[in-house]
Amino acid sequence: MLKKLDILILRSFIGPFIVTFFITLFVLVMQFFWLYMDELIGKGLGIWMIIQLLFYMSTTMVPLALPLGILLASIMTFGNMGENFELVAIKSAGISLLRFMRPLLLFIILIGGLGFLFNNNVIPYANLKALSLLYDLRNSKPTFNIRAGQFNKDIDGFSIRVGEKDKDGKTIRNIMIYDHTSGLGNDNVVLAKQGEMIPSEDKHYLVFRLKDGWRYQEKVGSSNNGSTAYQYYRMHFKQWDKVFDLSSFKINRTNESLFKDAYQMMDVFQLTERIDSFKRYELKLSLNLGVYLSPNLFVMAEDSLQNKLINNLPSAVARKYQSSFINCVPDTIRQRVIQAALGNIRNGKGVIDISANDKKIQQDNYLQFNIEWHRKFTLSFACVLLFLIGAPLGAIIRKGGIGMPIVVAVLFFVVFHIMSITGEKLAKTETLPAWLGMWLATAMLLPIAFVLINQARNDSQLFNKEWYIRLLQKLSFKKQA
C-alpha cells in the first residue's frame, strides 16, 4: 500500500511542478525583456538572434524559477489532497504526514542535487553567452531608417534628408545630402530631385542612385602670395550613385574570452582557486609594503653605530640631538635635509595610498567571488526549504487549484527573495560575513518550516475561517458572561 501511495504522491506532484516551473520561467524571461525592451527595440534583431537570447536568458533564470516552481507545486499538490479529503483518509489509515511526505522529500533532494550540478556547470556557460550577447546588442546601433521630411544623422559624417518616400520603400524624392567627412562644415552638398535606395546583397552597403541633381563643393587652398583661397565647384549629373557603408550598424560580436574571468562565469572549483589567490595576494601585499617603504624610512636600532655615538656625546648635546635632529644639522644643508625628508614622506604616503587602493579592490573582488561561491549551494537548499514550507502549507490550507495556493506561495517566495537580496547586500557591504549573508534567508525561514510541519501534523485550523469565527464567538460569549 505504501508503494502505491508513494507513486500516487509523486504523480500528483510532477504534473503541477512541470507546469508551474515553466510558467514561472516564462514570467521571469518576460520581466527581463520588459527591463531591456527600450534598448533592444529598433536594433534589427533577427529571429535566430532573438531565439539565442531567449534560450540563454531562460537558462540563467532557472535558479530563480526552480524554487518557486517547487513551492507552488507542493502547495497545490497537498492542497488538492486536503480539499478532496485524501489526507484525512491517509491519516486515518495510520500513515503520518511525515511518512507521506518522505518520497517527495527524497525527490526534491534529488532535484536539489541536479540543481547544484546545473548551477555549477551549465549556468556559468549560459551567463557567458547571455551576458556577452546582451552586451553586444545593447552597444549596437539602431537600424538605419530614413523618414520623409526629417534629417537623419545615423551615418557618421553625413546628414541626409528625404522630402518624400514612396510606399515601396525604395523610391525617394527631393533628396539633400550634407557630407561632413572633411570636418570643415557644409562644404559638400548633394541635391537631387529623385532617386532609389538599393541595399547590397550582404546588407553592408546602401546605394543612393540619384537622378537629375547637383553637387556643390567648396575647397580651401592657398594662393601664390600665401593667403587662403576658396574654390567653389558645381556639377550637374543625370545619374550618380552615392554608396554608404552600413557596417557600423551590424551587430559585432565581442570576444567572449574578455568576459570569462568574471565571477558569474566560474564554477565552484574555479571560484575556490580564485578566492585562494586573493588571500595569497593580500598576504603578499602586506609583506611587500614594508619593502616598498624601506627606502623612504630610517629607523635607528638600539645597538646601531649612530645610537652608540649619541650615547657617547655630552649629555646636553645628546639631549639636544634626541629632542630634535634638525637642530644638529648645519645651517648650510638644513633646508636640503628638510626637503629630502618631505620628499620621503610624500613618497611613503603615495606607496601607502596605492597599496590601500589595491587592497580595497582586491577585497571587493574577494567578496564578489565568495558570495558567488555560496550562491552555488543556496539553490539546492532553497529547493528543499521551500518544499518543507509548501507541503505543510498545502495540508493546512486544504485548497487546490490556482487561487489561494498561488497567493500564499508568491507571498512566501517574495519574503524569501527579499531576505536573500538583503543578506547579499549586507555581505557586499561587509556588514555580515559572506557565508552568513548568503544563508540568512535559509536560516530565518527554516524554523518557520518546522513550525508549519508541526501545525500540519496536528491538523491546524490556521487558514480555516470557520475556526476564527468560532473563536470570536467564544470570546464574545465570555465577555457577556
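FYI, it's all coordinate maths here, none of it is from the lab. Not measured: the values here are computed from a predicted model. Glycine also receives a Cβ, built like all others from the backbone with ideal geometry; neighbour counts cover every protein chain displayed.
A few remarks follow.
- Sequence ranges 278-288, 414-424, 3-13, ranked by mean other-Cβ count within 10 angstrom, highest first: 414-424, 3-13, 278-288
- Nearest-0.05 FRET efficiency for Q217 and T429, computed from C-beta distance (R0 60 Å): 0.45
- Residue exposure proxy: V27, V19, ordered by other Cβ atoms within 10 angstrom of their Cβ from fewest to most, comes out as V27, V19.
- Long-range HN-HN contacts of H180 with modeled amide H, under 5 Å: F158, S159
- Environment charge of L98, counting only residues whose C-beta is closer than 12 Å and scoring Lys/Arg +1, Asp/Glu -1: +4
- At R0 = 51 Å, FRET efficiency that the Cβ-Cβ distance of R346 and M176 yields, to 0.05: 0.25
- Legend: residue pairs K260/K360; K129/K359; K260/K359; K129/K284; K129/K376, Cα-Cα distance threshold 25 Å; pairs beyond threshold, K129/K359; K129/K284.
- Highest-first arrangement of 91-101, 234-244, where packing means the average Cβ count within 10 Å: 91-101, 234-244
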